[in-house]
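Q: The structure is given below, and queries will be raised subsequently.
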Amino acid sequence: MAIKSIMGKLFGSDKQAQQPNGIEGRFNIGDPKSVLAKPFDPAEFLGKSWMTWKGPVDGNGRSGEEDIDLRSLTLSEIEIAKFLFETGLRESEETVKGEEKLRRLKEEKPGFIRFGGNVFLGLWLDYQANKENSVLDGLYRNLKINFMDFFGQILRRPNGTREALCLVRLGGGKWRWECFWLENVWLAGRPSAGCASQSEDF
């Protein structure tokens, strides 16, 4: 059974987006149209001893191939119209563990480019500079997106756990960043942010 998206593509100014789950949104003239990706260094942003996870899931995370969607690293500027959000849930499910969600996205959604730390940092810096005129506030204002995770770069916390970067909108209207342990449970309202590869048409 296929996993489902919380929404499909967003569309540009003066075009309305009808999403699979019935969400409708409109990006108006004046709303941000794109976000610049920024180089992301876990140790610089999060603190000493943070790093990108290396090697197998059941390893120590210190050696081997980095757990990164390399396609995300090639992105320099992402149009908001091309954002996609994937829940990793199957039709009959309400929750999924982070590790299983990641596996499904890798194996069952190969055309989905999972955004990594570079897009996370671009969105965060844009929010710090522009607040209510930021991409994040635009996504909330138009499409009620109040959470997104970034499964394109899995991190190793200094204690050895596997973590994912997240952006969360608080009840008071402010956004903050967090890192979530991949053994945690993900709900439908906790989608992964990404976009379609050029060879895919979602």
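Q: If you check every pair at least six apart or on different chains, which have Cβ atoms under 9 Å apart with a residue in the stretch 160-172 that is closer than 17 Å to Asp137 by Cβ first and a residue that is open to solvent by less than 30 Å² (accessible area, probe 1.4 Å) and small (Gly, Ala, Ser) second?
A: From residues that are closer than 17 Å to Asp137 by Cβ, the pairs are Leu167/Ala193.
Q: Please state which one of Ile145, Ile113 is at pLDDT below 95, touching a helix residue (DSSP H, G or I) at 6+ places or on another chain (Cβ under 6 Å) and either closer than 18 Å to Phe83 by Cα or among the charged types (D, E, K, R) (or both). It would help to see each step written out before you state the result.
A: Values: Ile113 fails: at pLDDT below 95.
The match here is Ile145.
Q: I need the full set of residues from the stretch 105-131 which are small (Gly, Ala, Ser), under 16 Å from Pro32 (Cα atoms) and within 15 Å of the chain's Cα centre (by Cα), in order please. First the steps, then the outcome.
A: Quick first cut of the stretch 105-131, residues small (Gly, Ala, Ser) only: 111, 116-117, 122, 129.
Of the ones still in play, those that are also under 16 Å from Pro32 (Cα atoms) are 122, 129.
Listed by number, the list holds a single entry, Gly122.
Q: Specify the residue that is nearest to Thr74 (Cα to Cα); the eligible residues are those in the stretch 170-188 that are open to solvent by 40 Å² or more (accessible area, probe 1.4 Å) and among the small types (Gly, Ala, Ser).
A: Looking at residues that are open to solvent by 40 Å² or more (accessible area, probe 1.4 Å) and among the small types (Gly, Ala, Ser), I get Ala188.
Q: Here are some residues: Leu139, Leu167. Which one is buried (at least 21 other Cβ atoms within 10 Å of the Cβ), among the aliphatic types (A, V, I, L, M), over 26 Å from Asp67 (Cα atoms) and in contact with a strand residue (DSSP E or B) (Cβ under 9 Å, 6 or more places away or on another chain)? Give the derivation first.
A: Values: Leu167 fails: over 26 Å from Asp67 (Cα atoms).
Just one listed residue meets the conditions, Leu139.
Q: Ile154: part of a loop (DSSP other than H, G, I, E, B), touching a helix residue (DSSP H, G or I) at 6+ places or on another chain (Cβ under 9 Å) and buried (at least 18 other Cβ atoms within 10 Å of the Cβ), yes or no?
A: On the way: part of a loop (DSSP other than H, G, I, E, B): no; touching a helix residue (DSSP H, G or I) at 6+ places or on another chain (Cβ under 9 Å): yes; buried (at least 18 other Cβ atoms within 10 Å of the Cβ): yes.
Against the criterion (part of a loop (DSSP other than H, G, I, E, B), touching a helix residue (DSSP H, G or I) at 6+ places or on another chain (Cβ under 9 Å) and buried (at least 18 other Cβ atoms within 10 Å of the Cβ)), Ile154 does not qualify.
Q: Here's a follow-up. Among the hydroxyl-bearing types (Ser, Thr, Tyr) and under 22 Å from Gly59 (Cβ atoms): is that true of Thr161 in this structure?
A: On the way: among the hydroxyl-bearing types (Ser, Thr, Tyr): yes; under 22 Å from Gly59 (Cβ atoms): yes.
Spelling it out, Thr161 is indeed among the hydroxyl-bearing types (Ser, Thr, Tyr) and under 22 Å from Gly59 (Cβ atoms).
Q: From the list Asn133, Asn142, Asn146, Asn118, which residue is of a type in the set (S, T, N, Q) and out of contact with any Lys or Arg (no Cβ under 7 Å at 6 or more places or on another chain)? I'd like the intermediate steps shown before the answer.
A: Numbers: Asn142 fails: out of contact with any Lys or Arg (no Cβ under 7 Å at 6 or more places or on another chain); Asn146 fails: out of contact with any Lys or Arg (no Cβ under 7 Å at 6 or more places or on another chain); Asn118 fails: out of contact with any Lys or Arg (no Cβ under 7 Å at 6 or more places or on another chain).
The match here is Asn133.
Q: A further question follows. I need every pair where a residue in the stretch 37-64 that is assigned to a loop (DSSP other than H, G, I, E, B) has its Cβ under 6 Å from the Cβ of a residue that is among the charged types (D, E, K, R), sequence separation at least 6 or different chains.
A: As it stands, the answer is Trp53/Asp67; Trp53/Arg156; Trp53/Arg162; Gly61/Lys54; Gly61/Arg156; Ser63/Lys54; Gly64/Lys54, since those pairs meet every condition given.
Q: What number of residues in the stretch 13-36 are modelled with pLDDT under 60 and not in a strand (DSSP E or B)? Spell out the reasoning first.
A: Taking the stretch 13-36 as the starting set, the residues that turn out to be modelled with pLDDT under 60 are 13-29.
Now narrow it down to the ones that are not in a strand (DSSP E or B): 14-15, 19-23, 28-29.
Here the count works out to 9.
Q: Next up: What are the residues in the stretch 37-89 that are open to solvent by 20 Å² or more (accessible area, probe 1.4 Å), modelled with pLDDT under 95 and either in contact with a Lys or Arg (Cβ under 6 Å, 6 or more places away or on another chain) or aliphatic (A, V, I, L, M) (or both), if any?
A: Listed by number, the list holds a single entry, Ala81.
Q: Give the stretch 145-157 a look and list any residue that's charged (D, E, K, R) and within 15 Å of the chain's Cα centre (by Cα), or say none. Steps first, answer last, please.
A: Kept after step one, since they are charged (D, E, K, R), are these residues of the stretch 145-157: 149, 156-157.
Asp149 - this is the single residue of the stretch 145-157 that is charged (D, E, K, R) and within 15 Å of the chain's Cα centre (by Cα).
Q: Here's another thing I want to ask about it. So, in the stretch 189-202, of the ones that are part of a loop (DSSP other than H, G, I, E, B) and touching a residue at least 24 places away in the same chain (Cβ under 8 Å), which residue ends up most open to solvent (accessible area, probe 1.4 Å)?
A: Residues of the stretch 189-202 part of a loop (DSSP other than H, G, I, E, B): 189-191, 197-202.
If we keep only those that are touching a residue at least 24 places away in the same chain (Cβ under 8 Å) as well, we get 189-191, 197, 199-200, 202.
Details: Gly189: 43, Arg190: 71, Pro191: 2, Ser197: 17, Ser199: 102, Glu200: 82, Phe202: 85 Å².
Among those that are part of a loop (DSSP other than H, G, I, E, B) and touching a residue at least 24 places away in the same chain (Cβ under 8 Å), it is Ser199.
Q: Residue check: is Leu102 touching a residue at least 40 places away in the same chain (Cβ under 8 Å) and either over 15 Å from the mean Cα position of the chain (by Cα) or more than 16 Å from Arg162 (Cβ to Cβ) (or both)?
A: Considered against the rule, which asks whether it is touching a residue at least 40 places away in the same chain (Cβ under 8 Å) and either over 15 Å from the mean Cα position of the chain (by Cα) or more than 16 Å from Arg162 (Cβ to Cβ) (or both), Leu102 comes out as no.
The values are calculated or read from the model by the stated rules, or taken from the named source; none is laboratory data. Keep in mind that this is a model prediction, so the values were computed, not measured. FYI the Cβ positions are ideal-geometry reconstructions off the backbone, even for glycines, and counts take in every protein chain you see. What goes into the accessible areas is simple: the full protein's heavy atoms, side chains included, and nothing from ligands, DNA or RNA. Shrake-Rupley method; radii C 1.70, N 1.55, O 1.52, S 1.80 Å.
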